[in-house]
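Undergrad: Let me give you the structure first, and then I'll get to my questions.
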Amino acid sequence: MRLALFALMASLSVAEAQLPPAANRKIDFEKDVQPLLAAKCYSCHGEEIQQSGLRLDKRQNALRGGDYGPVIVIGKSAESKLIRRLVNGDGGLQMPPTGPLSDEEIGMLRAWIDQGADFRIQVQDEAAPTPVDVKLATLISAVRSGDSRAAAKRSLRRPNSSMRTTPLGRHRSTTPRVSAISPP
């Protein structure tokens, strides 16, 4: 048992020694990480395609991982499957399949994960929603509550005075109909 644990620890330290070192600076997601992921990863792991169930363009999805579990271990880049797949394929296809990332790019991603894998992005300010017309809101409330009297009373378009409401809520004219055809 101890021998197996020792072998596991030795293989992890050898694998970690082969990893490019993490960058020695503060990593900014918007300036450093997002452009790299967009250029190298989103075509297979983005909004439209999620190969192996992995989506890297949204925080929640990226941290959840794909079909084979989490790929980012926050604070532990050496244990993150994302980094291992970038470096040596981790028993599978090396990522990205179009060609390996540079040691500097991998080091930047390692530092980003070690610093908390922050996905902060600027959210554009949206215009405040236009307020709903009070009369319209009151009418909608009356209709939803089934209060036909209140709905008719609050209606934005009043029925013609020559119209009366039938028990079924339809309007019926109280003036006699005039035939369009004149008698012979």
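The values are calculated or read from the model by the stated rules, or taken from the named source; none is laboratory data. Just so we're clear, the structure is a prediction, and the values are computed from it rather than from any experiment. Here the Cβ is made from the backbone with ideal geometry for all residues, glycine too, and neighbour counts use every protein chain on show.
Undergrad: Identify, please: which residue in segment 22-56 is among the β-branched types (Val, Ile, Thr) and over 17 Å from the mean Cα position of the chain (by Cα) and is, among those, farthest from Leu86 (Cα to Cα)? I'd like the intermediate steps shown before the answer.
TA: Initial filter on segment 22-56 (among the β-branched types (Val, Ile, Thr)): 27, 33, 49.
Subsequent filtering for residues that are over 17 Å from the mean Cα position of the chain (by Cα) retains 27, 33.
Numbers: Ile27: 18, Val33: 14 Å.
Only one residue tops the list, namely Ile27.
Undergrad: Taking Val132, is it within 21 Å of the chain's Cα centre (by Cα), loosely packed, with under 12 Cβ neighbours inside 10 Å and modelled with pLDDT under 90?
TA: On the way: within 21 Å of the chain's Cα centre (by Cα): no; loosely packed, with under 12 Cβ neighbours inside 10 Å: yes; modelled with pLDDT under 90: yes.
Criteria not met by Val132.
Undergrad: To continue, here is another question. Within segment 57-65, is there a residue that is under 16 Å from Arg110 (Cα atoms), under 17 Å from the mean Cα position of the chain (by Cα) and among the small types (Gly, Ala, Ser)? I'd like the intermediate steps shown before the answer.
TA: Looking only at segment 57-65, we keep the residues that are under 16 Å from Arg110 (Cα atoms), and these are 62-63.
Filter again for under 17 Å from the mean Cα position of the chain (by Cα), leaving 62-63.
Then drop every residue that is not among the small types (Gly, Ala, Ser), which leaves 62.
For segment 57-65, residues under 16 Å from Arg110 (Cα atoms), under 17 Å from the mean Cα position of the chain (by Cα) and among the small types (Gly, Ala, Ser): present.
Undergrad: Give me a count of the residues in segment 17-48 that are closer than 20 Å to Gly99 by Cα and part of a helix (DSSP H, G or I).
TA: Counting residues in segment 17-48 that are closer than 20 Å to Gly99 by Cα and part of a helix (DSSP H, G or I) gives 14.
Undergrad: Do we have Leu63 as among the hydrophobic types (A, V, I, L, M, F, W, C), in contact with a Leu (Cβ under 8 Å, 6 or more places away or on another chain) and modelled with pLDDT of 90 or more here? Explain how you work it out, then say what you get.
TA: On the way: among the hydrophobic types (A, V, I, L, M, F, W, C): yes; in contact with a Leu (Cβ under 8 Å, 6 or more places away or on another chain): no; modelled with pLDDT of 90 or more: yes.
Against the criterion (among the hydrophobic types (A, V, I, L, M, F, W, C), in contact with a Leu (Cβ under 8 Å, 6 or more places away or on another chain) and modelled with pLDDT of 90 or more), Leu63 does not qualify.
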